[in-house]
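Beneath this line is the structure, given in structure tokens, with notes to follow.
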Amino acid sequence: MAASRFQRLIRFVAPTGETHFGEVPKDHHWSQSLIGVTAPIYEGSGPFDENFKLSEKSAEVKELLSPLVDVPFIYGVGLNYKQHADEAGVPLPEVPKTFVKYPDAMAGPYDDIPLHREARDVDYKGELVFVMASTVKNLDDKTNALSLVLGYTIGNDLSSRWWQAAAKGSQSNYAKSFDKFAPLGPVLVSSQLIPDPASLTLRTWVNGEKRQQSGIDDLIFDVPALIRFFSQGRTLRSGAVVMTGTPAGVGSFLEGEAKFLKEGDVVEIEVEEIGRIRNRITRE
């Protein structure tokens, strides 16, 4: 399986200007910055390349990129944490509430996020993200769904609440698919290193203020359930990205007035054992 070809995968720009896939050094703690680290680099075009393997070369990390070059599709799930459903004042869904984000929504872990003038009332959503290792359709109940996961990373499901509103036709796909509305990273951790994603903890800060903190075990539909649902009558391709949902604490439902993102705001999202992404909001 492709997951065995790396442990903690990064993609980065070296001081020479060259872009590489690299392996995070084993003595590097997940909470530490990767900028300036010297990482062993891989041969091959990416983790799905049969010739993808560590070389004898290393390079310094000058700029960290999304660990994925491109994706066939980005899937998302709404209202997938019990406490988030509670803060929204809605009953727990009987089936996953899903949407899509188009591939150009993907951004790097430290990229600035430029807001288009039509991206109004933009909210942050810290999320655990998984990437499919295998293509699957109509997954049966007997198969270990977690064995189909290539690895885990962190994402921000940035969303224009204005376009999500019922008055605007509840256009979730449009609301969530502005360019760079899905920053991912900083690393892709092999599923072999995270046998139980439910054991992880997620935290989100806006301008240094902690807004979200939750165990992934608060998910209503866990990773195996999501794989089965997304593959139900549809082909879920290898390389597909699935954003699993956000916990309580989004800007829309804070006590008092909603706190949407504005120019200059900095959003940081951390998942233990994976790392932290940090994105500044700008104007397009």
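The values are calculated or read from the model by the stated rules, or taken from the named source; none is laboratory data. If you're wondering where the values come from, they're calculated on a predicted model, not measured in any experiment. So basically every Cβ, Gly included, is an ideal-geometry build from the backbone, and we count neighbours across all protein chains shown. What goes into the accessible areas is simple: the full protein's heavy atoms, side chains included, and nothing from ligands, DNA or RNA. Shrake-Rupley method; radii C 1.70, N 1.55, O 1.52, S 1.80 Å.
Side notes on the structure shown:
- Close pairs (6 angstrom Cβ cut-off, 6 or more residues apart or separate chains): under 25 Å from Gly233 (Cβ atoms) in the stretch 122-140, of a type in the set (Lys, Arg) anywhere: Thr135/Arg237; Leu139/Arg228
- Residue list for the stretch 145-169, restricted to those being surrounded by fewer than 23 Cβ atoms within 10 Å (Cβ to Cβ), among the charged types (D, E, K, R) and in contact (Cβ under 8 Å) with a residue 12 or more places away in the chain: Arg161
- For the stretch 217-238, the criterion of a residue being closer than 24 Å to Pro109 by Cβ, modelled with pLDDT of 95 or more and in a loop (DSSP other than H, G, I, E, B) is satisfied by at least one position.
- Filtered residue count, the stretch 14-39, keeping only those that are in a strand (DSSP E or B) and surrounded by fewer than 16 Cβ atoms within 10 Å (Cβ to Cβ): 2
- Exactly one residue among Phe6, Phe52 is over 21 Å from Tyr110 (Cα atoms), touching a Leu at 6+ places or on another chain (Cβ under 8 Å) and either among the polar types (S, T, N, Q) or surrounded by 15 or more Cβ atoms within 10 Å (Cβ to Cβ) (or both), and that residue is Phe6.
- Residues in the stretch 195-207 that are touching a residue at least 40 places away in the same chain (Cβ under 8 Å) and either open to solvent by 20 Å² or more (accessible area, probe 1.4 Å) or touching a Gly at 6+ places or on another chain (Cβ under 8 Å) (or both): Pro195, Leu200, Thr201, Leu202, Arg203, Thr204, Trp205, Val206, Asn207.
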